[in-house]
Amino acid sequence: MKRMIGLPVLLGALTLLAAGLAQARHHRDIREGGVPGQFDYYLLTLSWSPAYCILHPQDGAQCQGRGYGFVLHGLWPQFDNGGYPQFCSGQRLPRDAFALGARIYPSPKLVNHEWERHGTCSGLGPAGYFQAADRALAVVKIPPLLEAPRADLTMTGGQIEAAFRAANPDLPASALTVACGRGELSEVRVCLTRDLRARACGRGVRSSCPPYPVRVRSVR
């Protein structure tokens, strides 16, 4: 006699299947071994260092007595239709290019990681990629409220976005997103053209903050 599958079990199976399909779609969007220089735009990602350092206190280069607020996480080539290339070549960083990257990234480990995963897809070469990242940083002004708060703030993702738009009134619609995790601000991301002008983001780049306020940790 056949056993009937209970509704909770069936719903659970369907949920796992849906999650697996979503994950598969996500992985198809991440194109391993892309062709250097073949992409549509950049995503400039600024990490809120106090939140990062709560989860990574062992990262002494970024987190021990530095007092960082927003720091450069990366300049990532993207596709308009969603997804991005990564690890496009095995070209290693020469010493002079690494020194250039170390002046704009908060830790040496991040310099190597960002070049290997994203910079190799830019088609610019090591020095050119870090020079582009440095210029990209100058495109976005940090709101005074978020430059170096000495006490924790409580803000919604919408309020954080509004603060950035007030400081950058020329940002196009849909050019900026805010990322949150564990009830805290984690990153702000701005979409840029290949010649580093603000533009609307492509498919799949969206804010991830809840509708309620999140914590913005103070700079220490």
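Values in this text are rule-based calculations from the coordinates and carry no lab data. Just so we're clear, the structure is a prediction, and the values are computed from it rather than from any experiment. Every residue, glycine among them, receives a Cβ derived from its backbone with ideal geometry; neighbour counts consider all protein chains shown.
One table, with the values for the structure above:
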quantity: Amide hydrogen neighbours beyond the local backbone of residue 181, cut-off 5 Å, H modeled; calculated: 186
quantity: Protection proxy ranking, peptides 37-46, 191-200, average beta carbon neighbours within 10 Å, highest first; calculated: 37-46, 191-200
quantity: Other-chain or far-sequence residues with amide H under 5 Å of residue 74's (modelled H); calculated: 45
quantity: ³J(HN,Hα), Karplus 6.51/-1.76/1.60, whole Hz, each residue of the range 111-121, x for Gly, Pro; calculated: 4, 5, 4, 5, 5, 5, 7, 10, x, 5, 8
quantity: Rounded to the nearest 20 debye, dipole of the chain from Cβ charges on Lys, Arg, Asp, Glu; calculated: 440
quantity: Separation of the residue 206 and residue 167 label points, Cα + 7 Å toward Cβ, nm; calculated: 2.6
quantity: Nitroxide proxy distance, nm - points 7 Å out along Cα→Cβ at residue 92 and residue 109; calculated: 2.1
quantity: Cβ-based net charge around residue 199, under 12 Å, with every Lys or Arg adding one and every Asp or Glu removing one; calculated: -2
quantity: Two-site FRET efficiency, residue 40 against residue 64, from Cβ-Cβ distance with R₀ of 45 Å, rounded to 0.05; calculated: 0.75
quantity: Three-way shape call for the range 158-218 based on the alpha-carbon gyration tensor, with the a/c threshold at 1.5; calculated: prolate
quantity: Backbone HN-Hα couplings from phi across the range 73-87 [Karplus 6.51/-1.76/1.60, Hz, Gly and Pro as x]; calculated: 8, x, 10, 10, x, 9, 10, 4, 7, x, x, 7, x, 7, 6
quantity: Local electrostatic count at residue 143 - Lys and Arg +1, Asp and Glu -1, tallied over other residues with Cβ under 11 Å; calculated: 0
quantity: Anisotropy class of the range 87-191 from Cα gyration tensor, a/c 1.5 cut; calculated: prolate
quantity: Cα shape, the range 31-216, gyration tensor, a/c 1.5 rule; calculated: oblate
quantity: Protection proxy ranking, peptides 161-171, 118-128, average beta carbon neighbours within 10 Å, highest first; calculated: 118-128, 161-171
quantity: Per-residue HN-Hα couplings for the range 152-157 [Karplus 6.51, -1.76, 1.60; θ = phi - 60°; Hz; x = Gly/Pro]; calculated: 4, 10, 10, 9, 7, x
